[in-house]
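Contents: one structure, followed by commentary.
The values are calculated or read from the model by the stated rules, or taken from the named source; none is laboratory data. No experiment lies behind these values; they were computed from the predicted model shown. Cβ sites come from the backbone with ideal geometry, for glycine too, and all protein chains shown count toward neighbours.
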Amino acid sequence: MRICPAQPHDLAKLLAFREEAAAWLSRLGTDQWQRPYPAGKLLATIEAGEVFMVRDGDATAATITLTPKAEEGLWTAGELREPSLFINKLTVARTHAGQDLGGRLLDWAGNRGHHAGAEWLRLDAWTTNTGLQTYYLSHGFRHIRTVHRGLAVNGGPRVSGWLAQRATMLSEHGFVDETPTPRRVI
């Protein structure tokens, strides 16, 4: 499997990918990702070079967004001064579930963060999705706090405020990495 930057022509695939994940999450009993994601916002992150896709031959097996920008209102001013990369929209296709692609993507992100000079790999997870929170804890993340107040960037109520982080580090992720050298975050 190889990891490469998403391209603007991948937008429809990524939106469908998110809908597939939302349906699966709904079957698990969580309301995570039930609102459609704005296509324009996703396209902007693709064009910024922050969205990556894992390809298994011609199939898209997983995706992750890795950005130096934190969502407003989650992290303290002191935390924001620490060099960090933030994970968003980590999704694995149901056809590739059970292969620890998510864990490998977390390792890839930590490796990329290390090369970018980041100290921390950070994320915010759905506040009510305890299964997802347990997943991140089992992959070396440490819960920092849960933010319940404030509005999300899209104007809705804060629903993704479970904050966690782990140190960046060199790691073996097993992907053929076709991504450009990351920009330094410090």
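Some points to look at:
- Checklist (1) surrounded by 18 or more Cβ atoms within 10 Å (Cβ to Cβ); (2) more than 25 Å from Gly174 (Cβ to Cβ) applied to Leu105, failing item: (2)
- Selection from region 76-128 of residues that are in contact with a strand residue (DSSP E or B) (Cβ under 8 Å, 6 or more places away or on another chain) and at positive phi: Lys89
- Residue list for region 138-151, restricted to those being farther than 10 Å from Asp124 by Cβ and either exposed (fewer than 14 other Cβ atoms within 10 Å of the Cβ) or modelled with pLDDT under 90 (or both): Ser138, Arg142, His143, Arg145, His148, Arg149, Gly150, Leu151
- Any pair with Cβ under 7 angstrom, 6 or more apart, that starts in region 170-185 at a residue that is among the basic types (Lys, Arg) and ends at one that is surrounded by 11 or more Cβ atoms within 10 Å (Cβ to Cβ) and in a loop (DSSP other than H, G, I, E, B): Arg183/Ala116; Arg184/Ala116; Arg184/Gly117
- Residue within region 110-123 that is more than 23 Å from Lys69 (Cβ to Cβ), within 13 Å of the chain's Cα centre (by Cα), of a type outside the set (Ser, Thr, Tyr) and crowded, with 19+ Cβ neighbours inside 10 Å present: no
- Selection within region 63-74: residues that are at pLDDT 90 or above and in contact with an Asp or Glu (Cβ under 9 Å, 6 or more places away or on another chain). The member of this set that is surrounded by the most Cβ atoms within 10 Å (Cβ to Cβ) is Leu66.
- Long-range neighbours under 7 Å by Cβ, at least six apart or interchain, first residue charged (D, E, K, R) within region 116-142, second surrounded by fewer than 17 Cβ atoms within 10 Å (Cβ to Cβ) and at pLDDT 95 or above: Glu119/Glu82; Glu119/Pro83; Glu119/Ala167
- Enumerated helices (runs of 4 or more DSSP H) restricted to region 68-186, each holding at least 1 residues that are touching a helix residue (DSSP H, G or I) at 6+ places or on another chain (Cβ under 6 Å) and closer than 24 Å to Leu43 by Cβ: none
- Taken together, Asp107, Asp100 contain a single residue that is without any contact (Cβ under 8 Å) to a residue 40 or more places away in the chain and among the charged types (D, E, K, R), which is Asp100.
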